[in-house]
Amino acid sequence: MDVLSSRRAPIARGVLFVHSSPRAVCAHVEWAAGRALGQAVNFDWSEQPALPGSQRAEFYWEGPPGTGATLASAMHGWEHLRFEVTEDAGPGTDGGRWLHTPDLGIFYAQTDTVGNVVVPEDRIRYAMEVAGANAIELHQELRVALGQSWDDELEPFRQASDLNAVVWLHQVG
C-alpha cells in the first residue's frame with residue numbers, strides 16, 4: 001500500500017439544528033437529511049416551546065467536506081421549517097453556516113475555525129460604498145452581511161433548546 005492510498009479522506013463535522021418543524025413534516029425532514037448524508041437517520045424530536053405544536057431536533061453529523069451545503073439544500077424549500085446547519089472548518093476547508101426561516105429564506109456565511117462568521121473583503125467594501133459617510137447605513141449593511149435578521153428570528157428557537165440531548169453520527173466501517 002502506498003502513502004497516498006493509506007491516507008484517509010477528510011472528514012467534516014457539523015450540526016443540523018431543526019429549530020421548528022410541523023409535526024407532520026418531521027419524518028420527511030429525517031428522510032431528506034438521511035438522503036443528503038447517504039444513510040438513514042433518526043432524530044430525537046422534542047416539543048418546541050417557542051412555537052406550540054411544532055417539533056425541534058439537533059443532529060450531529062460527519063461526512064465529506066461540503067456536507068453542510070448538501071444538508072442545507074435538502075432542508076431548503078420545506079415550508080414552515082426553521083433550521084440551521086453548521087460545518088466546522090477543517091484542514092484546507094472553510095467552515096460554513098446556513099440559516100433558514102420561512103419569512104427570510106436562506107442565508108449562508110463562511111466561518112473560521114472557531115465558528116465566527118467571516119465577512120469577505122468585497123462585501124465590506126460594498127457596505128462602505130453603499131453607506132458613504134452615513135454610519136447608520138454602514139451599520140445596517142454590516143448587519144445584512146452578518147445575517148443578523150436570521151439570527152434575530154432564530155434566537156427564541158435556539159433558547160428553547162438549552163436542555164435537549166444531542167445525537168452523534170459516527171462513521172462506521
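Brief remarks on what is shown
- Counting every other Cβ atom within 10 Å of each residue's Cβ, 146, 37, 16 order from fewest to most as 146, 37, 16.
- Top positive-direction residue, dipole computed over the chain with Cβ charges, set 136, 115, 64: 64
- In plain terms, the C-alpha convex hull of the range 19-101 casts an average shadow of 5.2 nm² when viewed from every direction.
- Residue exposure sequence - 86, 93 - by fewest surrounding Cβ within 10 Å: 93, 86
- Counting only Cβ charges, +1 for Lys and Arg and -1 for Asp and Glu, the dipole size of the chain around its Cα centre is about 460 debye.
- Fully extended contour minus Cα-Cα distance, from residue 125 to residue 69, at 0.36 nm per residue: 17.6 nm
- Helical mean residue ellipticity (222 nm; -39500 (n - 2.57) per DSSP H run of 4+; nearest 500) of the chain: -10000 deg cm²/dmol
- Residues 18, 118, ranked from the fewest to the most other C-beta atoms within 10 Å, line up as 118, 18.
Only the coordinates and a few stated rules stand behind these numbers; no lab work does. All values derive from a computational prediction rather than experimental measurement. All Cβ positions, even for glycine, are placed from backbone atoms using ideal geometry, and neighbour counts span all protein chains on display.
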